[in-house]
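Read the structure below first, then the notes.
The values are calculated or read from the model by the stated rules, or taken from the named source; none is laboratory data. Remember, it's a predicted structure, so these values are computed and weren't measured experimentally. Here the Cβ positions follow ideal geometry from the backbone for every residue, glycine too, while neighbour counts run over all protein chains shown.
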Amino acid sequence: MPFFGLYTWLFGSIGSIVSLDGEVKIIRENQEIRAKNGIELEEKDLVSTAKNSIAKIMVA
């Protein structure tokens, strides 16, 4: 299993936000987290963008 696959298996990361512009939030376990570049996304996370906002996501 490649290292990233092992990391994903152990810690649940399924991708990350690689860039954003505007207001972007992550909803994780009923809590809102302000998104930042490089933040890891977990299974079942919801990414929410405000009007005229953009998030680019890299999926593993």
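If you go through the range 18-29 and keep only what is under 16 Å from LYS56 (Cβ atoms) and surrounded by 13 or more Cβ atoms within 10 Å (Cβ to Cβ), you end up with LEU20, GLU23, VAL24, LYS25, ILE26.
Screening MET58 with (1) modelled with pLDDT under 95; (2) of a type outside the set (Val, Ile, Thr); (3) surrounded by fewer than 14 Cβ atoms within 10 Å (Cβ to Cβ); (4) under 10 Å from the mean Cα position of the chain (by Cα) gives one miss only, at (1). Against the list (1) at pLDDT 95 or above; (2) assigned to a loop (DSSP other than H, G, I, E, B), the condition MET1 fails is (1). Taking residues in the range 32-48 that are more than 15 Å from LEU20 (Cβ to Cβ) and without any contact (Cβ under 8 Å) to a residue 60 or more places away in the chain, and partners anywhere that are among the small types (Gly, Ala, Ser) and assigned to a loop (DSSP other than H, G, I, E, B), the pairs with Cβ atoms closer than 8 Å and at least 6 places apart or on different chains are GLU42/GLY12; GLU43/GLY12. Only residues that are over 8 Å from the mean Cα position of the chain (by Cα), of a type in the set (Gly, Ala, Ser) and at pLDDT 95 or above were counted in the range 9-29, giving 2. Being under 24 Å from LYS51 (Cβ atoms), modelled with pLDDT of 95 or more and surrounded by 14 or more Cβ atoms within 10 Å (Cβ to Cβ) is not true of GLU32.
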